[in-house]
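I have placed the structure first, in the form of structure tokens, so that the comments after it can refer back to it.
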Amino acid sequence: MINFIQIAFFISLLFGALLFLPQIIRLARTKNSEGVSLITFLGFTLIQLLVIIHGFYYQDSLLILGTFLRFLSCAILIYLILLYRFNQS
């Protein structure tokens, strides 16, 4: 049962990372970050960074890897938001 829970947990973390993809694709296609909250994604990134630290503390490799993928997706979003905001000015 523990293996099933671990696999389901990891899949849910992967799915969480994939939830950022539509926003990344939209930003990349439109090259316009209007209406996208930078503060929200900065908050998500900070929370994910703290979860990664928590995972290291408790030596939880599934938590670290899954959250790192979400962190990476969110960091890409922040990069695109900043890129298109500064290019529009």
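All of the numbers you see were taken from the coordinates with simple rules; none came from a lab. Here the structure is a predicted model, which means the values were calculated and not measured. Please note: Cβ atoms are built from the backbone with ideal geometry, for glycine as well, and neighbour counts cover all protein chains shown.
Among the residues of the stretch 1-39, how many are polar (S, T, N, Q) and either in contact with a strand residue (DSSP E or B) (Cβ under 8 Å, 6 or more places away or on another chain) or not in a helix (DSSP H, G or I) (or both)? Within the stretch 1-39, residues that are polar (S, T, N, Q) and either in contact with a strand residue (DSSP E or B) (Cβ under 8 Å, 6 or more places away or on another chain) or not in a helix (DSSP H, G or I) (or both) number 3. All conditions in (1) farther than 19 Å from L69 by Cβ; (2) surrounded by 13 or more Cβ atoms within 10 Å (Cβ to Cβ) hold for L13, with the sole exception of (1). Listed by first and then second residue, the pairs with beta-carbon distance under 6 Å, at least 6 apart or on different chains, first residue in the stretch 1-16 and without any contact (Cβ under 8 Å) to a residue 60 or more places away in the chain, second charged (D, E, K, R), are G16/R70. Taken over the stretch 76-89, the criterion of being part of a helix (DSSP H, G or I) and either out of contact with any Phe, Trp or Tyr (no Cβ under 9 Å at 6 or more places or on another chain) or on the phi > 0 side of the Ramachandran plot (or both) is satisfied by Y79, L80, L82, L83, Y84, R85, F86, N87, Q88. Here F56 qualifies as surrounded by fewer than 14 Cβ atoms within 10 Å (Cβ to Cβ) and in a helix (DSSP H, G or I).
The set of residues in the stretch 59-89 that are polar (S, T, N, Q), within 20 Å of I7 (Cα to Cα) and surrounded by fewer than 17 Cβ atoms within 10 Å (Cβ to Cβ) comprises Q59, S61. If you take the residues in the stretch 23-46 that are out of contact with any helix residue (DSSP H, G or I) (no Cβ under 9 Å at 6 or more places or on another chain) and not small (G, A, S), which one is nearest to I2 (Cα to Cα)? So, considering only residues that are out of contact with any helix residue (DSSP H, G or I) (no Cβ under 9 Å at 6 or more places or on another chain) and not small (G, A, S), the one nearest to I2 (Cα to Cα) is L46.
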